[in-house]
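Undergrad: After the structure tokens below, expect a handful of questions from me.
The values are calculated or read from the model by the stated rules, or taken from the named source; none is laboratory data. As the structure is a computational prediction, the values presented were derived from the model and not from experiment. Because the Cβ atoms are built from the backbone with ideal geometry, glycine has one as well, and the counts that use them run over all protein chains shown.
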């Protein structure tokens with residue numbers, strides 16, 4: 001029998017965050033993530049479609065708060081070596097970014113149904129891709145100017161702006177010494193001759209009326225450098241287990 005062949009090796013090193021707080025500048029140090037207090041105004045002025053962007057800190061357990069429609073839940077991860085699916089990735093644990101949106105008249109940025117309401121009632125915790133009840137949530141809340149025609153261009157601009165905020169911490173995360181990581185895990189994409197072939201099919205929206213999806217961005221779960229599945233014609237795309245694990249698909253629907 002032929003030996004198995006290793007196609008890709010991915011190392012994910014995690015750095016745990018114990019506390020999130022506001023500060024004079026953005027930083028990650030000694031388990032504390034600080035958010036520059038001036039970023040609200042900076043990102044509000046970054047696009048003329050924005051009425052207000054507010055970056056809130058939601059502490060563990062503080063879920064009885066009103067939120068606008070949930071547009072995405074995003075981990076903070078970055079490539080240190082190699083491309084998505086291989087090399088080295090640094091990621092933060094203990095914190096997620098929650099992107100929500102509405103316009104200044106309260107019209108929710110949703111397509112077929114809205115998830116606005118009390119956070120405790122709208123988000124299932126402790127699942128793959130969602131925060132645990134011990135995690136901090138950085139709430140990136142976008143309020144658009146009223147009267148805009150909400151389409152794919154505008155929702156993509158919102159996701160890009162949130163991605164620019166996350167990139168601030170990705171750039172810091174790249175510089176952290178991997179030897180100080182809280183945990184380190186290795187994952188391998190392998191070919192096993194003679195074994196069963198397993199394919200998992202994931203369907204994502206591709207109608208293009210309002211939302212989009214990105215494939216193979218420059219950063220895990222990012223926007224920049226990604227390919228729109230709508231622009232690709234909604235053709236089937238094959239991802240390896242490590243590419244999927246490393247954030248090669250950003251489902252924005």
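Undergrad: When the residues of region 213-233 are filtered to those that are more than 14 Å from the chain's Cα centre (by Cα) and closer than 20 Å to residue 151 by Cα, which remaining residue is modelled with the highest pLDDT?
TA: Out of the qualifying residues, it is 227.
Undergrad: Could you grab me the full set of residues in region 95-122 that are under 14 Å from residue 141 (Cβ atoms) and crowded, with 17+ Cβ neighbours inside 10 Å?
TA: Once the filter is applied, which keeps residues that are under 14 Å from residue 141 (Cβ atoms) and crowded, with 17+ Cβ neighbours inside 10 Å, region 95-122 yields 97, 98, 99, 100, 101, 102, 103, 108, 109, 116, 119.
Undergrad: What is the number of the single condition among (1) crowded, with 17+ Cβ neighbours inside 10 Å; (2) part of a strand (DSSP E or B) that residue 185 does not meet?
TA: (1)
Undergrad: Can you give me the number of residues within region 169-182 that are part of a helix (DSSP H, G or I) and either without any contact (Cβ under 8 Å) to a residue 40 or more places away in the chain or in contact with a helix residue (DSSP H, G or I) (Cβ under 8 Å, 6 or more places away or on another chain) (or both)?
TA: So the first thing to find is which residues in region 169-182 are part of a helix (DSSP H, G or I), and the list is 169-174, 178-180.
Filter once more, so that each one left must be either without any contact (Cβ under 8 Å) to a residue 40 or more places away in the chain or in contact with a helix residue (DSSP H, G or I) (Cβ under 8 Å, 6 or more places away or on another chain) (or both): 179.
Total satisfying the criteria: 1.
Undergrad: Taking the condition over 30 Å from residue 4 (Cβ atoms) and crowded, with 18+ Cβ neighbours inside 10 Å, does residue 206 pass?
TA: Taking the combined requirement at face value, the residue does not satisfy it.
Undergrad: Moving to a separate point now. Is one or more of the residues making up region 136-144 more than 27 Å from residue 229 (Cβ to Cβ), surrounded by fewer than 15 Cβ atoms within 10 Å (Cβ to Cβ) and either at pLDDT 95 or above or touching a helix residue (DSSP H, G or I) at 6+ places or on another chain (Cβ under 7 Å) (or both)?
TA: No: zero hits.
Undergrad: How many residues are more than 25 Å from residue 103 (Cβ to Cβ) and surrounded by 22 or more Cβ atoms within 10 Å (Cβ to Cβ) when one looks only at region 154-168? Please lay out each step first, then the result.
TA: Filtering region 154-168 down to residues more than 25 Å from residue 103 (Cβ to Cβ) leaves 167-168.
Still in the running and surrounded by 22 or more Cβ atoms within 10 Å (Cβ to Cβ): none.
Of the residues in region 154-168, 0 are more than 25 Å from residue 103 (Cβ to Cβ) and surrounded by 22 or more Cβ atoms within 10 Å (Cβ to Cβ).
Undergrad: Let me ask something additional. Go through region 29-61 residue by residue and tally those that are in contact with a strand residue (DSSP E or B) (Cβ under 7 Å, 6 or more places away or on another chain) and not in a loop (DSSP other than H, G, I, E, B). Break it down into steps so the answer makes sense when it comes.
TA: First, pick out the residues of region 29-61 that are in contact with a strand residue (DSSP E or B) (Cβ under 7 Å, 6 or more places away or on another chain): 31-37, 39-40, 43-44, 49-60.
Filter once more, so that each one left must be not in a loop (DSSP other than H, G, I, E, B): 32-36, 39-40, 43-44, 50-58.
Residues that pass the stated criteria total 18.
Undergrad: Quick one: in region 79-94, of everything that is touching a helix residue (DSSP H, G or I) at 6+ places or on another chain (Cβ under 8 Å) and assigned to a loop (DSSP other than H, G, I, E, B), which residue is surrounded by the most Cβ atoms within 10 Å (Cβ to Cβ)?
TA: So, considering only residues that are touching a helix residue (DSSP H, G or I) at 6+ places or on another chain (Cβ under 8 Å) and assigned to a loop (DSSP other than H, G, I, E, B), the one surrounded by the most Cβ atoms within 10 Å (Cβ to Cβ) is 84.
Undergrad: Looking at region 195-215 only, could you name the residues that are in contact with a strand residue (DSSP E or B) (Cβ under 6 Å, 6 or more places away or on another chain) and either free of Cβ contacts under 8 Å to residues at least 24 places away in the same chain or under 16 Å from residue 159 (Cα atoms) (or both)?
TA: Of all residues in region 195-215, those in contact with a strand residue (DSSP E or B) (Cβ under 6 Å, 6 or more places away or on another chain) come to 204, 212-215.
The answer is 212, 213, 214, 215.
Undergrad: Determine whether residue 174 is surrounded by 12 or more Cβ atoms within 10 Å (Cβ to Cβ), touching a strand residue (DSSP E or B) at 6+ places or on another chain (Cβ under 7 Å), farther than 22 Å from residue 91 by Cβ and at pLDDT 95 or above. Walk me through it before giving the result.
TA: Details: surrounded by 12 or more Cβ atoms within 10 Å (Cβ to Cβ): yes; touching a strand residue (DSSP E or B) at 6+ places or on another chain (Cβ under 7 Å): yes; farther than 22 Å from residue 91 by Cβ: no; at pLDDT 95 or above: yes.
No, not satisfied.
Undergrad: Next question. Quick check on region 5-14. Is at least one of its residues over 20 Å from the mean Cα position of the chain (by Cα), crowded, with 18+ Cβ neighbours inside 10 Å and in contact (Cβ under 8 Å) with a residue 12 or more places away in the chain? Even if it seems obvious, please write down each step before you answer.
TA: Quick first cut of region 5-14, residues over 20 Å from the mean Cα position of the chain (by Cα) only: 5-9.
Okay, now just the ones that are also crowded, with 18+ Cβ neighbours inside 10 Å, so 8.
Checking which are in contact (Cβ under 8 Å) with a residue 12 or more places away in the chain leaves us with 8.
Among the residues of region 5-14, at least one is over 20 Å from the mean Cα position of the chain (by Cα), crowded, with 18+ Cβ neighbours inside 10 Å and in contact (Cβ under 8 Å) with a residue 12 or more places away in the chain, which makes the answer yes.
Undergrad: Only one of 29, 2 is at pLDDT below 95 and loosely packed, with under 12 Cβ neighbours inside 10 Å; which?
TA: On the way: 29 fails: at pLDDT below 95.
Among 29, 2, only 2 is at pLDDT below 95 and loosely packed, with under 12 Cβ neighbours inside 10 Å.
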